[in-house]
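The values are calculated or read from the model by the stated rules, or taken from the named source; none is laboratory data. Bear in mind that the values here come from a model prediction, so they are computed numbers and not experimental data. Using ideal geometry, Cβ is built from the backbone for each residue, glycine included, and neighbour counts are taken over all protein chains shown.
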Amino acid sequence: MALNILTAAPGIPLAYIAVPFRPHAHPHGLRLPALTERLADATKQKLRSVQDYFGLGGKALRFAFVRPFYHQDLVQQMDEIGVKSLGIVLLTGFFTGMVLALQSSVQMQQFGATMYIGRLVTGSMIRELGPVLAGLMVAGRVGSGIAAQLGSMRVTEQIDALNTLGTDPIKKLVTPRVLAALIMLPVLTVINDVVGIIGGNLISTLMVGVPSGVYWRTVWEQIASGGFTFRLIPNDFIQGLLKPFVFGGIISITACFFGINTTGGTEGVGQSTTRTVVLSSILILVVDYFLTQILLSVLAV
């Protein structure tokens, strides 16, 4: 509080009136300290969410080595994540390989290099498009399903019931889904790569006129040109299988994180599903760049 002195004449005090002291305020009435506090609280909340996200992933992996292990749940999730996603992965890989061969043939015909279509399709599918497209398809189909399922269990208090019965929800619900994604996404990526290369062979043979034998010879040349690790494992395979392993962890942990932390009833379930697909897709694309940079640096040595 501040005291303002009013005077009727110079030097003669008239009254002492208590006037509330106001700090420097925003022109629209929002005080800067209040805005700073809001930003600080929002930042703390985001950092706490990141901590909980990695904490959930760490617990899920640690519980994989602690008894009891739910084998039946793992097999069920492998079927849900892998087998039931096979159709969309086959379609995606096949038509991606066809498009790659078709587009590259237009450019290569100008230089008389259509015989190298197999190398382009193989390198693109194994190193980048195969893992990324498989990850995005699984994120859209499986990630949304996991988030919706766990979110529904949260809002209907089924997860709280597991706690009451003495069963850890993370060990029962999260660990099997994370392990299933880590196992099945590399398998789906290999299938995606093979089908994509076959689709490229179809286009190069029927529409471009490249003999099938020449196409498959250039496929092997591309695989061998990347070098080998321990003289047995092609470096392209290392890149092509390490990425989907990481993507599987991203998809499963993200879906379980938003599903378990769902609030707000059925509307919250929809929001968790949307956030899962969006964040998983963004993380896949961002992490893909950094993994590519790291792998190129390591394998080049």
Selection within region 147-172 - out of contact with any Phe, Trp or Tyr (no Cβ under 9 Å at 6 or more places or on another chain) and hydrophobic (A, V, I, L, M, F, W, C):
Ala148, Met153, Val155, Ile159, Ala161, Leu162, Leu165
Which one is modelled with the lowest pLDDT among residues in region 113-153 that are over 17 Å from Phe95 (Cβ atoms), of a type in the set (A, V, I, L, M, F, W, C) and surrounded by fewer than 24 Cβ atoms within 10 Å (Cβ to Cβ)?
Ala113
Filter region 225-260 down to the residues that are over 19 Å from Leu129 (Cα atoms) and surrounded by fewer than 17 Cβ atoms within 10 Å (Cβ to Cβ) and list them by number.
Gly227, Phe228, Thr229, Phe230, Arg231, Leu232, Ile233
Go through region 55-78 and count every residue that is in a helix (DSSP H, G or I) and either touching a residue at least 40 places away in the same chain (Cβ under 8 Å) or among the charged types (D, E, K, R) (or both).
13
Residues of region 207-216 classified as over 16 Å from Gly196 (Cα atoms) and surrounded by 14 or more Cβ atoms within 10 Å (Cβ to Cβ), total:
3
Under 7 Å between Cβ atoms, at least 6 apart or on separate chains: pull out the pairs that start in region 22-45 with a residue that is modelled with pLDDT of 60 or more and end on any residue that is surrounded by 10 or more Cβ atoms within 10 Å (Cβ to Cβ).
Arg31/Ala25; Leu32/His26
Restricting attention to region 116-131, does a residue exist that is within 30 Å of Phe257 (Cβ to Cβ) and in contact with a Phe, Trp or Tyr (Cβ under 8 Å, 6 or more places away or on another chain)?
yes
List the residue pairs whose Cβ atoms are under 9 Å apart, where the first residue sits in region 279-297 and is without any contact (Cβ under 8 Å) to a residue 40 or more places away in the chain and surrounded by 11 or more Cβ atoms within 10 Å (Cβ to Cβ), the second is in a helix (DSSP H, G or I) and of a type in the set (Val, Ile, Thr), and the two are 6 or more positions apart or on different chains.
Leu279/Ile250; Leu279/Thr254; Leu283/Ile250; Leu283/Ile251; Leu283/Thr254
Using the structure shown, decide if Thr156 is of a type in the set (S, T, N, Q), modelled with pLDDT of 85 or more and under 25 Å from Phe290 (Cβ atoms).
no
Tell me the residue from Val142, Val210 that is among the β-branched types (Val, Ile, Thr), out of contact with any strand residue (DSSP E or B) (no Cβ under 6 Å at 6 or more places or on another chain) and assigned to a helix (DSSP H, G or I), please.
Val142
Pairs under 7 Å by beta carbon, first residue under 15 Å from Gly264 (Cβ atoms) and of a type in the set (Gly, Ala, Ser) in region 142-167, partner in a loop (DSSP other than H, G, I, E, B) and modelled with pLDDT of 80 or more, six or more apart or different chains?
Gly151/Thr262
